[in-house]
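Everything on this sheet refers to the single structure shown next.
Read-outs throughout are calculated quantities, based only on the coordinates presented, and are distinct from any laboratory measurement. Source: prediction; values computed, not measured. Neighbour counts are summed over all protein chains in view; Cβ atoms, including those assigned to glycine, are modelled from backbone coordinates with ideal geometry.
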């Protein structure tokens, strides 16, 4: 939910707000706190435990609403037990925890890539204690990861892109569509593993998907409980971001002044007819309507292992997109499994020709856009348990 200043000026629109901002000094800084993005520099030089080093990089993985719902239990020598932090679920938009489990997959992939960089091979056992319930997230290990010293383990060239990976939630340049050669290069990062990858820049298909995306976004906004779930994890301004470096962040001089003047509050963000509520619609409609290409990942089944594999596949594509200079952004709304979204899901699956019984695990936008900064991350010790 990071809006550009240009978009926000258009959304805010009201001269009273702009004049007030000007009168009080709109240039006042409200930059992203350095502490909230320190993790993007990687582990500190004096960290020598390979597990902590790998976890420091894995913390940069994408997750739904940036909830970072990971717990790493270091309860055995040379291993990690990865759990879902059940205090960081999204029960309204992700009622079965499917997207949260995909986020465990993105984490595991970065963990393994980082371990290889330090000369360790990861032996990953999924759900070693059972409990991979398809309908709920249980408090048992998602994976146990053994770190095995192996000087011959090949390094992954995508490691270099971990600090540069972004989820670019902005309008993309519609005059510059990714060429087929670029999409082919992107696909080279995909390791099949039973996951089907499709990408398209076909204008007719893209227009259909943009329309479906816009409509899905409106359903999420107009359904009070799903909108409230986003607002509950909203961090407005640098102070809130520094205190809670997770969730959906809004920062910058305009947001700072709108919040100070009472224009942008959590209460108004869920109240139709307010500038804050309309601003959320305009922002989402802006990126939903400016997408030159889409991609999606489909699995034949929908077991937890399929969801984890999809997360691993997605983040590899995201890393490769960073290498290629492509902007990329997961579109979660069309895939959310609450009742109000069911008709939209059926229309989406029909539009892309998904075989019966198969599950689209990830839908994502592709294109070109101005660079964006990193999103907040908690420090690695916030997720480590002894």
Stretchable slack from residue 278 to residue 290, in nm (0.36 nm times residue separation minus alpha-carbon distance): 2.5 nm
Two-site FRET efficiency, residue 175 against residue 78, from Cβ-Cβ distance with R₀ of 56 Å, rounded to 0.05: 0.60
Taking 338, 283 and counting other C-beta atoms within 10 Å, the order from fewest to most: 338, 283
Separation of alpha-carbon centers, the range 47-72 and the range 84-163, rounded to whole Å: 9 Å
Relative contact order (%) - criterion: Cα under 8 Å, at least six apart; region: the range 266-386: 34 percent
Exposure proxy ranking, count of Cβ atoms within 10 Å, fewest first, for 221, 308: 221, 308
The chain: most fluctuating residue of 46, 129, 150 per GNM, C-alpha cutoff 10 Å: 46
Nearest-0.05 FRET efficiency for residue 155 and residue 205, computed from C-beta distance (R0 35 Å): 0.40
(i) 79, 46, 38; (ii) 63, 49, 39; (iii) 66, 48, 36, with the label sought being that of the calculated Cα extents along the principal axes in Å: (ii)
Relative contact order (%) - criterion: Cα under 8 Å, at least six apart; region: the range 53-166: 30 percent
The chain: angle of helix 342-352 to the longest principal axis, Cα-based, in degrees nearest 10: 70 degrees
Footprinting exposure proxy for 191, 372 (fewest neighbouring C-beta atoms within 10 Å first): 191, 372
Sites residue 148 and residue 31 - FRET efficiency at Förster radius 35 Å, r taken between beta-carbons, to 0.05: 0.25
Percent RCO, i.e. relative contact order, over the chain, from Cα pairs under 8 Å lying at least 6 residues apart: 27 percent
Additional length obtainable on full extension of the chain from residue 164 to residue 38, 0.36 nm per residue less Cα span: 44.0 nm
Value at 222 nm in deg cm²/dmol, rounded to 500, when DSSP H runs of n ≥ 4 in the chain each add -39,500 (n - 2.57): -12000 deg cm²/dmol
Most mobile of 334, 186, 174 in a GNM of the chain (Cα contacts under 10 Å): 174
Added length on full extension, which subtracts the Cα-Cα distance from 0.36 nm per residue, residue 346 to residue 86: 90.7 nm
Gaussian network model of the chain, Cα within-10 Å springs - most flexible of 56, 136, 332: 136
Translational diffusion coefficient (Stokes-Einstein; Kirkwood radius from C-alpha pairs) of the range 32-82 at 20 °C, 1.002 mPa s, in µm²/s: 174 µm²/s
